[in-house]
Amino acid sequence: MTVIRIVQPPNVTADVYDAVNAEIGVERDPPPGLVLHCAGETDGRWQIVDVWESEEQAQRFDDERLRPAIEKVIGATPPGPPPSTQYQLHKLIRP
């Protein structure tokens, strides 16, 4: 089932976000199951929105690519998951 994840990682700036994305290489090597990725600042906090074909694919990406990239860029893996919202999508329209 397709899921959306909205994450607000603490202490992330555009520079940190760009460095992590460069390390992951999503644009040149998209992970299986990623439907949509976007990010930007809202109310002074960085927000990342992803749509995945399944929660399992999202979790695999987190474990295999995201966490190692974050650790490499900032020197450590943040303690615990960042504030986030996740839910199954009832409908997804791809134009």
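Bear in mind that the values in this text are calculations on the coordinates, not laboratory data. Keep in mind that this is a model prediction, so the values were computed, not measured. We place every Cβ from the backbone using ideal geometry, glycine too, and count neighbours over all the protein chains shown.
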Original post:
Could you state the principal axis extents of the C-alpha atoms in the chain, from the largest down, to the nearest angstrom?
Top reply: 37, 30, 26
Subject >> Förster radius 22 Å - calculated FRET efficiency between Ser84 and Glu23, Cβ distance, rounded to 0.05 >> reply: 0.60
Original post:
With each label point set 7 Å from Cα along the Cα-Cβ vector, what nm distance links Lys91 and Thr2?
Top reply: 1.1 nm
Original post:
Of the residues Pro68, Pro79, Pro32, which exhibits the maximal mean-square fluctuation in a Gaussian network model of the chain defined by a 10 Å Cα contact cut-off?
Top reply: Pro79
